[in-house]
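What follows is a short report on a single structure.
The values are calculated or read from the model by the stated rules, or taken from the named source; none is laboratory data. This is a predicted model, so every value here is computed, not measured. Positions of Cβ are backbone-derived with ideal geometry, glycine not excepted, and every protein chain shown enters the neighbour counts. Remember, those area values only see protein heavy atoms, side chains included, never the ligands or the DNA or RNA. Shrake-Rupley method; radii C 1.70, N 1.55, O 1.52, S 1.80 Å.
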2 protein chains.
Amino acid sequence: MSAPVAPVRQDWMREHNLSLALLVVLRAAEPVSRAQVAALTGLSRAAVTNIVDRLVETGLVRELAPVALPRGRPAVPLVPVRGAVAALGLEVNVDYLGVRAFDLTGELVAEQVVHADLRGSDPQEVAARLAEVAAEVRAAVLAQGSQIAGGTLALPGLIDSSSVLRTAPNLGWRDLDALQLLPAEVVGGVVGFTVANEADLAARAEVRARLHENEKPSFFYVSGEIGIGGARVLAGEVNAGRHGWAGEIGHVVVGSTPGAGLIRLEDVAGQHALLAAAGRPGAALTELLAALESADAQALAAVGEAGRALGIALSAVAHISDVDEAVLGGTFASLFDVLAGPVEQALAELVVFSDWAPVRVSRARAGDYAAMTGAACTVIDRLVASPALWSLARSRS
Amino acid sequence: MSAPVAPVRQDWMREHNLSLALLVVLRAAEPVSRAQVAALTGLSRAAVTNIVDRLVETGLVRELAPVALPRGRPAVPLVPVRGAVAALGLEVNVDYLGVRAFDLTGELVAEQVVHADLRGSDPQEVAARLAEVAAEVRAAVLAQGSQIAGGTLALPGLIDSSSVLRTAPNLGWRDLDALQLLPAEVVGGVVGFTVANEADLAARAEVRARLHENEKPSFFYVSGEIGIGGARVLAGEVNAGRHGWAGEIGHVVVGSTPGAGLIRLEDVAGQHALLAAAGRPGAALTELLAALESADAQALAAVGEAGRALGIALSAVAHISDVDEAVLGGTFASLFDVLAGPVEQALAELVVFSDWAPVRVSRARAGDYAAMTGAACTVIDRLVASPALWSLARSRS
DNA sequence: TGGATAAATTCACGGCGTCAACAAAACCCG
DNA sequence: CGGGTTTTGTTGACGCCGTGAATTTATCCA
């Protein structure tokens, strides 16, 4: 949320403080009282009384029964209303498509994933299948009385600011308006519908997974799939860049051949290249994992090489973006035990500031289908950032 | 200026709108009237009347004589007060040190630069010399009745958030508290004094140089000096990263030797390496420029190689940070005519999104001593961001 | 001289957070 | 068993801020 270069009026101020209070209620491990909200936000108790009343009116927050304290008047605990709102996270990836729904607190409410090989698929047809899945999740959510707050679609490709998918090489899709692709009953019925890059959204899910230990984590998220993408997170915010396609680490140069040809990260650590180097071209990832399990020398060497290349690419990220943690996600999370060593070694060797701020390497914690989760998170973020707007939109419908 | 994760009160709102109005007055090509400020900011004329009155009270803005319009009541033009405020930009670099003073509008008011070879110099001694120069510039500024709004020191090295200079390899300095180094009469008398990286500040100066054509430019600034640094600018804001040392493009890997050794950008395009490759190890840059002028084959080849390496490093920047313009500054600005071609070619060849958003390459426009200029700019930025705070500080002194 | 036009100002109004006072609901101790 | 204590939550006066409409000011033009 960046400060607007626009006049600020009282309603903006109210919106901001409303959002602040809502965030405190959402993020608290235990239910908080009005007095605690006041203490945590820095607002006066009087203001918080008023603000919380409005949040209760909009149905986003609920009061529990008062609980006795060691001393003084009992406090009224405040909790987010679970059933009130559902956020949809959709995804089309190379080997599956699916939809997830989360409530305000980030709890999974409904989900449906279909596995399929979507390489070189027809966008129209895939969109129709996604719409079906979305309709089912939608129905499940509505059945339990939730309002749908919006949706975000994750795609493995470059998406520019007008929601046009420029290219998704592994799907074989090019120059599609991703919003127009989806039928109106998916997009139209939903207040806000957006499209974003899969790696950026997975990084957002990773932020969520780390919230309990760090409110504002900073790291570079690496999404190892068929291709290799990534996203930089600074103080809890995903940094998508000028057009929204930052983090394309797969195309970073990591070396050269004697003939002066350049080697990019994907040429070494992309899934096809990695399997080929491991002596299993065209095989599934599980085969590689099994080979590593049984200490297959060629497989270990291939992953080691990939790790070194990834470390070189990440050293470029560290120098250019100044991050001190690299989070390995996607298939790289499965390969973590073999991969992390060479990555760390290359980073220690190459990064100039590794003496003061060594780049840590860690495994992603966001779990499966991180991009879907992250997609829903962005919807919740939008809602939390402007609760009054939401209640307005709700009352209109 | 990012939105605070803190309660917003009316005084914050006032400060914001005050800042907004001041910015409009500063940035306008022609003096603007209150009515124009209202139109440009989106505030009501009533509010602008009040706000401008306060800006006039603080002495930051002045009214000119009313000028007749084609129709209607004459407008009262508003202009920034030139003599009111002076911002100091200080710099210690490898071959010079100096101080510049700018007024509110960004006009140069006073300046003093001393050339000297500061490689391997003693920090204490250099600080004393800088203090002398600063005292003279200070005196010149005070003589014309300006108040000093603050100062920023530019250093060619990694500076962390607590203003400690971790390392400046080309000065041979390490682990210094840059603020404690300067005598109290330089730092103490000044409201806000900060330290920052030379390339980050030069990038800030570049933003200033481009304001008239683009309010919020985005680019990657390359600072070619003895070493090679840089800074990413997104929508007019310099992005310094987690610790403030982003943009260290000189250490990015651009290839490898057959023996599996890695080649970093500085190994090819750093000033020492470049001069050596041109057959003039240890020479001055002017010699290389002369050789290029006379079409010396070895010099041209060396710069061409450096350009290709720079292009490879910038392709990493483009993929990681998604920028669509690279600005070549420092010595690279002088070499621009020879350098730009190979850089552009490498970028076109390597950047995946060059079809939709080709990375432009341009010469820096910030002029000499860009870091000093940018250092003063950050001081002015702080002042403009909180005009009320400034008037408070002023009334206390 | 009167009308048109646009800048700048004034003022009543409603919204918002603060502050201080107060009410409410427990607990403790004599 | 009842007053004192403590902390929560509410209330109302207050001051500040931007809005919007009405008003004043200043110039040009017919």
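For segment A:22-48, the tally of residues that are within 14 Å of another protein chain (Cβ to nearest Cβ), over 30 Å from residue B:23 (Cβ atoms) and out of contact with any strand residue (DSSP E or B) (no Cβ under 8 Å at 6 or more places or on another chain) stands at 7. Take the conditions surrounded by fewer than 18 Cβ atoms within 10 Å (Cβ to Cβ) and either closer than 23 Å to residue A:131 by Cβ or at pLDDT below 95 (or both) and apply them to residue A:198. Does it pass? Criteria not met by residue A:198.
Residue B:105 falls short on exactly one of the conditions (1) at positive phi; (2) more than 16 Å from DNA strand D (Cβ to nearest atom); (3) not acidic (Asp, Glu), and that condition is (1). One residue alone among A:82, A:62 is open to solvent by 70 Å² or more (accessible area, probe 1.4 Å) and in a strand (DSSP E or B), and that residue is A:62. Restricting segment A:280-291 to residues that are out of contact with any Asp or Glu (no Cβ under 8 Å at 6 or more places or on another chain) and surrounded by 13 or more Cβ atoms within 10 Å (Cβ to Cβ), the residue that is farthest from residue A:337 (Cα to Cα) is A:283. All of A:140, A:184, A:127 fail the test of being within 22 Å of residue A:87 (Cβ to Cβ) and in contact with a helix residue (DSSP H, G or I) (Cβ under 9 Å, 6 or more places away or on another chain), apart from A:127. Taking residue A:24, is it modelled with pLDDT of 95 or more, in a helix (DSSP H, G or I) and open to solvent by 20 Å² or more (accessible area, probe 1.4 Å)? Against the criterion (modelled with pLDDT of 95 or more, in a helix (DSSP H, G or I) and open to solvent by 20 Å² or more (accessible area, probe 1.4 Å)), residue A:24 qualifies. Taking the criterion of being out of contact with any strand residue (DSSP E or B) (no Cβ under 7 Å at 6 or more places or on another chain) and of a type in the set (A, V, I, L, M, F, W, C), the residues of segment B:1-21 that qualify are B:1, B:5, B:6, B:8, B:12, B:13, B:18, B:20, B:21. Of the residues screened, residue A:82 is one that is charged (D, E, K, R), more than 12 Å from DNA strand D (Cβ to nearest atom) and touching an Asp or Glu at 6+ places or on another chain (Cβ under 6 Å).
Here is a yes/no grid of residues against (1) more than 8 Å from chain B (Cβ to nearest Cβ); (2) closer than 21 Å to residue A:106 by Cβ; (3) open to solvent by less than 20 Å² (accessible area, probe 1.4 Å):
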| residue | (1), (2), (3) |
| --- | --- |
| A:183 | yes, no, no |
| A:228 | yes, no, yes |
| A:233 | yes, yes, yes |
| A:237 | yes, yes, no |
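Within segment B:27-49, track down each residue that is within 14 Å of DNA strand D (Cβ to nearest atom) and not in a helix (DSSP H, G or I). B:33, B:42, B:43, B:44 - these are the residues of segment B:27-49 that are within 14 Å of DNA strand D (Cβ to nearest atom) and not in a helix (DSSP H, G or I).
Residues in segment A:170-181 that are modelled with pLDDT under 90 and surrounded by fewer than 19 Cβ atoms within 10 Å (Cβ to Cβ): A:179, A:180. When residues in segment B:85-116 are screened for being assigned to a strand (DSSP E or B), open to solvent by 30 Å² or more (accessible area, probe 1.4 Å) and either within 16 Å of DNA strand C (Cβ to nearest atom) or in contact with a Lys or Arg (Cβ under 9 Å, 6 or more places away or on another chain) (or both), 6 of them pass. Please verify whether residue A:328 is modelled with pLDDT of 95 or more, over 20 Å from the mean Cα position of the chain (by Cα), more than 8 Å from chain B (Cβ to nearest Cβ) and closer than 27 Å to residue A:285 by Cβ, treating the condition exactly as stated. Here the answer is no, as residue A:328 does not meet what is asked. Between B:273, B:299, B:260, B:269, the distinction of being farther than 29 Å from residue B:200 by Cα, surrounded by 19 or more Cβ atoms within 10 Å (Cβ to Cβ) and either at pLDDT 95 or above or within 14 Å of chain A (Cβ to nearest Cβ) (or both) belongs to B:299 only. Could you list, in sequence order, all residues of segment B:341-390 that are among the hydroxyl-bearing types (Ser, Thr, Tyr), open to solvent by 30 Å² or more (accessible area, probe 1.4 Å) and part of a helix (DSSP H, G or I)? Answer for segment B:341-390, where residues must be among the hydroxyl-bearing types (Ser, Thr, Tyr), open to solvent by 30 Å² or more (accessible area, probe 1.4 Å) and part of a helix (DSSP H, G or I): just B:378. Hey, any hits in segment B:141-156 for a residue that's on the phi < 0 side of the Ramachandran plot and within 14 Å of another protein chain (Cβ to nearest Cβ)? Yes, segment B:141-156 contains at least one residue that is on the phi < 0 side of the Ramachandran plot and within 14 Å of another protein chain (Cβ to nearest Cβ). Taken over segment B:105-128, residues that are small (Gly, Ala, Ser) and over 22 Å from residue B:165 (Cβ atoms) amount to 2. Criterion first (assigned to a helix (DSSP H, G or I), within 12 Å of DNA strand C (Cβ to nearest atom) and over 30 Å from residue B:37 (Cβ atoms)) does residue A:52 satisfy it? Here the answer is yes, as residue A:52 does meet what is asked. With respect to being within 16 Å of DNA strand D (Cβ to nearest atom), in contact with a Ser or Thr (Cβ under 8 Å, 6 or more places away or on another chain) and within 14 Å of chain B (Cβ to nearest Cβ), residue A:75 falls outside the description. The set of residues in segment B:117-132 being surrounded by 12 or more Cβ atoms within 10 Å (Cβ to Cβ) and in a helix (DSSP H, G or I) consists of B:123, B:126, B:127, B:128, B:129, B:130, B:131, B:132.
Here residue B:336 does not fit the description of being crowded, with 24+ Cβ neighbours inside 10 Å, closer than 30 Å to residue B:110 by Cα and among the aromatic types (Phe, Trp, Tyr). Pairing each residue of segment A:371-385 that is more than 9 Å from residue A:90 (Cα to Cα) with any residue that is of a type in the set (D, E, K, R), provided the two are 6+ apart or on different chains, yields C-beta distances under 7 Å for A:374/A:204; A:377/A:204; A:377/A:208; A:378/A:204. In the set (1) exposed (fewer than 14 other Cβ atoms within 10 Å of the Cβ); (2) near DNA strand D (Cβ under 9 Å from one of its atoms); (3) free of Cβ contacts under 8 Å to residues at least 60 places away in the same chain; (4) of a type in the set (D, E, K, R), residue B:11 fails one condition alone, (3). Please work out if residue B:59 is in contact with a strand residue (DSSP E or B) (Cβ under 9 Å, 6 or more places away or on another chain) and modelled with pLDDT under 95. Yes; evaluated as a whole, the condition is true for this residue. Among the residues making up segment B:28-56, a single one is basic (Lys, Arg) and open to solvent by less than 70 Å² (accessible area, probe 1.4 Å): B:34.
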